[in-house]
1. As a test question: what accessible area, to the nearest 10 Å², does Trp137 have when a 1.4 Å probe is rolled over all protein chains in place?
2. Using only protein heavy atoms and a 1.4 Å probe, report how much of Met150 is accessible, in Å² to the nearest 10.
3. When the chain is modelled as a GNM with alpha-carbon springs shorter than 10 Å, which of His234, His106, His279 fluctuates the most?
4. Which log10 I(q)/I(0) values does the chain give at q = 0.10 Å⁻¹ under the Debye formula, counting every alpha carbon as one identical point scatterer?
Amino acid sequence: MTAPHPAEQPPAISELPPATGELPRRVTWFELFGDLVFVAAVGQATHRIAGHPDAASIAAAAALFVPLWWTWVLYAVHANRADRDRTAQRLITTAGLAAVSGMAVHLGAVGHADGADTGFVVSYLCARAGVAALYAWDLRHEPRLRRIVMTYTTGSAVTATVWLTATLALDGTARYVMWGVAMAGELLLPLLAGRRLADSPSHAEHLRERFGLFTIIVLGESVLGYTNGLVAAHTAPAATLRGAAAFALTAGLWWSYFSASGTRPGAHEQLAAGGRQMHGFVFGHLPVQLGLAVTGGAVGAAVATTAGHLNAPLAACVLGGTALFLTATASVRAAFTGVRESVVLIRLATATATLCLLPLAPRLPVAATLALPAALLAASVWAETPGHGRRVAEAV
């Protein structure tokens with residue numbers, strides 16, 4: 001994937017390819033600046049896994065990743081629909097990004113202190129309020145957004161009430177259960193909006209590029225993890241071998257995602273129309289990127305460990321996270337190609353083979369636990385090549 005360039009003056013409609021009829025969009029420098037803020041927040045989530053690699057920390061990190069991911073989705077989808085990169089929009093977005101920074105600050109201590117819980121929720125709600133403010137501003141220029149703005153604003157007000165009530169009035173498990181209820185309600189909002197989403201403009205290639213960039217952000221945590229692990233281990237020979245295996249695993253995950261993310265020109269033009277495929281693409285990326293985050297959080301601890309084998313939670317992160325990634329990318333692809341397409345079947349088979357390594361992990365050297373899923377990914381990428389070629393040929 002080539003580095004994105006800031007948007008240039010778009011050509012006239014008459015100069016566009018007749019197949020799509022939409023203005024070409026590229027990621028702007030300001031969108032990339034916003035991604036830097038999310039880099040910090042994602043890092044705080046994955047550090048909870050690396051710092052305390054037990055089942056409770058892993059579950060908490062995975063749960064906290066969801067509102068972080070959803071916040072990024074809201075800003076990315078807004079920019080895709082309506083952002084003209086004007087001064088007012090930049091200022092509103094900057095305020096929202098400041099709230100995302102607050103999420104990052106409090107995320108590491110959520111579950112350990114009431115102040116951190118309150119700070120995280122207030123920051124999250126302020127970040128979402130920034131999206132509402134952006135849509136309200138955009139209504140001045142894009143009246144087609146009115147129906148979706150009303151649905152989003154009403155639904156967000158209800159879920160915000162649940163978030164705040166749970167945080168201020170409940171303690172312990174009850175608080176976090178209600179957080180989960182509120183989060184589920186927010187994720188359902190686009191589905192409840194239904195046909196209203198089709199009334200808003202959308203740019204398929206820009207949206208695909210944005211999700212690719214966030215995937216790079218999450219993959220970056222794997223790179224940071226194994227390099228930090230090597231530093232902590234003072235590049236001992238055993239750690240160096242583990243670091244090499246972790247690098248191979250990270251490269252395999254990158255190759256697997258980007259080899260199938262755009263198999264032919266216009267492969268995702270259906271996203272512009274919204275509907276089922278739009279939902280499948282967006283929500284399918286939650287398990288994709290969650291799997292990458294869980295794996296990335298574990299590889300640093302795996303490289304730095306002095307034990308001969310990974311404990312069960314870390315092994316579940318490495319192998320389960322990889323399997324989740326493969327299953328989710330297969331599901332996203334199936335939304336466009338059908339479930340019987342060869343690449344989909346290969347990925348599901350590779351995910352199954354990866355999970356079969358879990359019972360062996362307590363007896364495998366750490367390097368082998370990292371290297372074996374990397375080898376399976378390499379075999380999967382190789383086996384998928386003819387399928388990608390056929391998709392490209394069909395488009396010509």
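The values are calculated or read from the model by the stated rules, or taken from the named source; none is laboratory data. Keep in mind the model is a prediction, meaning the values are calculated, not measured. Please note that ligands, DNA and RNA were not included when accessible areas were found on the heavy atoms of the full protein model with its side chains. Shrake-Rupley method; radii C 1.70, N 1.55, O 1.52, S 1.80 Å.
1. Result for Trp137: roughly 90 Å² accessible.
2. 110
3. With Cα springs under 10 Å in the chain, the top fluctuation among His234, His106, His279 is at His234.
4. For the requested q values the scattering log ratios are -0.68.
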